[in-house]
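A short write-up of the structure that comes next.
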Amino acid sequence: MQLRAQKTILRLAETFTISRSSEDEAEVVQVEIAHDGATGFGEAAPIARYEESAGSALEWLEQVELGDDPFALDAIFDGLPPGEQAARSAVDAALHDLQGKLTGLPVYRLLGMRPDGPPTSWTIWLGDPDDMGRRTEKIADRGFKRLKLKLGGRDGLDVERVRAVRNVTDLPLMCDANEAWTLDEALEIIPQLGAPQIGIEYCEQPLQAGDPDGPALKERSPVPIYVDEDCHTLADVAACAERAHGINIKLAKSGGIREGIRMAYAARALGLGVMLGCMIESGLGIAAGAQIASLMDHVDLDGNLLLAEDPWPGLGFVDGVQRPSDRPGLGVERA
Ligand code: MG
């Protein structure tokens, strides 16, 4: 099999702000793997928080040897160098896309899964409370069934932010503090957000990853806690049961679809909820997640919808669900 990789810039429709950073564009790496007249594609969305970049992904990809059997996934992944989860997930996605094209089947069917998962949330990124309320009103007619609010402004206004959004929508809400709060702050803020007037359904990563107060927050929070920065691969899942009620699986952290599936089942065995998240990704990256979305309780796959233009169209957006197409492989094509 022949592997090629290149860096691509994705431009956002609007500046995206969270508690750590602000961005207008995202660098991803697109991978193609050719074999027997077919080509599979996959996308890596490297996460700066974990010291990955397009450059480090490309360096890792140069060392990858794939052999000549695109169905021998265990053998291929056992032979890959360590690290670089996003680049690994692009290889995993491209191999699944290739398998689908070689067999004429969409990936979700190869995996034996259903095409329909829960509706995706739409992200209201961090801003002033008024601004977050205005942006919520602006997307009212776009068909989203739930909203995810980025919090962690470190200015005492996080409850106001959610209140401003709740004032203009009845949609189910969840929030993501991206590690911004201490235990005391979380115990002050989360009960207010969970109260009936606001009613957020769950809160993602309130504390810094590894914060020793995690188990205390799980015990005392009136709202389910989901962890993201605390949970990357299968090896992290068991420890998350001590500090959270659920995990946020992202293919850019897990290293791909297969590890994402293992994580979902391990989480279920531990009584945890499962959510599927994403980074800023084109339809190529999001299509990989959409194949396994039916395993999840919650889905946050809005990365391609945040772009000025999606360079890899093909996913369906039906009743708020990011639905994989019925075409072979990941079902998206370069525009
Ligand atoms: Mg998150």
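The values are calculated or read from the model by the stated rules, or taken from the named source; none is laboratory data. All values derive from a computational prediction rather than experimental measurement. Every residue, glycine among them, receives a Cβ derived from its backbone with ideal geometry; neighbour counts consider all protein chains shown. Each accessible area value is taken on the protein alone, full model and side chains, heavy atoms only, with ligands, DNA and RNA left out. Shrake-Rupley method; radii C 1.70, N 1.55, O 1.52, S 1.80 Å.
Some points to look at:
- Residues of the chain: accessible area per residue with a 1.4 Å probe, Å²: 41
- Ranked by the mean number of other Cβ atoms within 10 Å of their residues, highest first, the peptides 80-92, 234-246 come out as 80-92, 234-246.
- Cα gyration tensor shape of the range 238-307, rounded if a/c is under 1.5, else prolate or oblate by comparing a/b with b/c: prolate
- Proximity of backbone amide H atoms, modeled 1.01 Å from N, is registered between ARG146 and TRP122 at under 5 Å, excluding neighbours fewer than 5 places apart on the same chain.
- The packing ranking, built from the mean of other Cβ atoms within 10 Å per residue, places the peptides 298-306, 68-76, 249-257, 36-44 in the order 249-257, 298-306, 36-44, 68-76, highest first.
- Most simply put, the range 121-323 has about 10% antiparallel DSSP beta bridges, counting only bridges with both residues inside it.
- Estimated D of the range 1-117 in µm² per second, where Rh is the Kirkwood radius over Cα pairs and Stokes-Einstein applies at 4 °C, 1.567 mPa s: 85
- Share of carbon and sulfur in the accessible area of the chain stands at 46%, probe radius 1.4 Å.
- Packing-based order for 102-115, 193-206, using average beta carbon neighbours within 10 Å, highest first: 193-206, 102-115
- Percent of beta bridges antiparallel (DSSP, the range 71-206, rounded to nearest 5): 0
- In nm, spacing of pseudo-spin labels at ALA140 and ALA13 (7 Å Cα→C-beta vector): 1.7
- Estimated translational diffusion coefficient (Stokes-Einstein, Kirkwood radius over Cα pairs, 37 °C, 0.692 mPa s) of the range 121-323: 192 µm² per second.
- Heavy atoms of THR233: accessible area, 1.4 Å probe, square angstrom to 10: 30
- Helix-only CD estimate at 222 nm, as mean residue ellipticity for the chain, using -39500 (n - 2.57) per DSSP H run (n ≥ 4): -9500 deg cm²/dmol
- Estimated distance in nm for a label pair at GLU201 and ALA34, the labels positioned 7 Å out from Cα along Cα-to-Cβ: 4.4
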